[in-house]
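This report refers to the structure that appears directly beneath it.
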């Protein structure tokens, strides 16, 4: 039997009639009439239906080289597909469709989506590959195996899709958080420079606020020495220094937050909500427009789920159309057109 198209296959059952005791010189077998073999309408098979019957006259050779006459009838049987459609094809298709329900479940409900995916995968394995034990052990994939394998691929891909969406959402959230923290730091630098300019601080302090930490630390040390020298030379050194400190208090407070070495350790506010609020208040008009156009990580993950709701059903439908078209019309049954020669 050839089972590459199982259960969409056709099988040929030969029936040979002859005599091993008499040679063709003694007995010659011939078919009588144009239709010597007729199937009674009352004869039916539960798993097959008769398609065609071919009859031929053949000869065989015995051990001693004597020619023997025989008759050959070949019954072409087509396997009935109703059982397989009801028991395998339809349930597997429904299981694949059930796996798509996960695309409408909230992404935050990880337990629900994973449970749907794992249940459909295990059910398909039990139903699709469980019936393989009753088939003959062949070393090639049958048509039914290809269908079950593709259904398993779709179900497993639906489960992997959630893992990809969840990972991508977390990855984009981390990248967005880092981007907003960088924007907040840049805005803080601009605000610090603006405070220095408004408070009349020396230009060196403004340059230190706009530069990196290494350059800022060196410049701020020079600023401190020059301020102390100016205070000591001024009349009423104590009062002048006190007034100078009162004037420079706002700028020095910002500088401490910025992390200048001689103003003490950096006290940066790294809370995510503060970073978001600072960027929202201090962003320019172009930056605000870019922020509005940028999709949030949650929106990107939602777009992937929305596309999956369309792509998965369309792809599975295209696969089923291709599957039935190939195995019904293009893949031939491995049945020889003529009976094998016995000469």
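Here are the numbers:
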{"read-out": "Flag for residue 90 being assigned to a helix (DSSP H, G or I) and either in contact (Cβ under 8 Å) with a residue 40 or more places away in the chain or surrounded by 14 or more Cβ atoms within 10 Å (Cβ to Cβ) (or both)", "value": "no"}
{"read-out": "Hits in segment 24-57 (condition: at pLDDT below 85 and in contact with a strand residue (DSSP E or B) (Cβ under 7 Å, 6 or more places away or on another chain))", "value": "24"}
{"read-out": "Of the criteria (1) farther than 18 Å from residue 6 by Cβ; (2) in a loop (DSSP other than H, G, I, E, B); (3) not assigned by TED's automatic domain parsing to the domain that holds residue 164, which one residue 108 fails", "value": "(3)"}
{"read-out": "Residue ID - modelled with the highest pLDDT, chosen from residues in segment 190-202 that are surrounded by fewer than 16 Cβ atoms within 10 Å (Cβ to Cβ) and in a helix (DSSP H, G or I)", "value": "190"}
{"read-out": "Members of segment 116-156 found to be under 20 Å from the mean Cα position of the chain (by Cα) and touching a residue at least 60 places away in the same chain (Cβ under 8 Å), listed by number", "value": "146, 147, 148, 150, 154, 155"}
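The values are calculated or read from the model by the stated rules, or taken from the named source; none is laboratory data. None of the values given here were measured: they were computed from a predicted structure. Please note: Cβ atoms are built from the backbone with ideal geometry, for glycine as well, and neighbour counts cover all protein chains shown.
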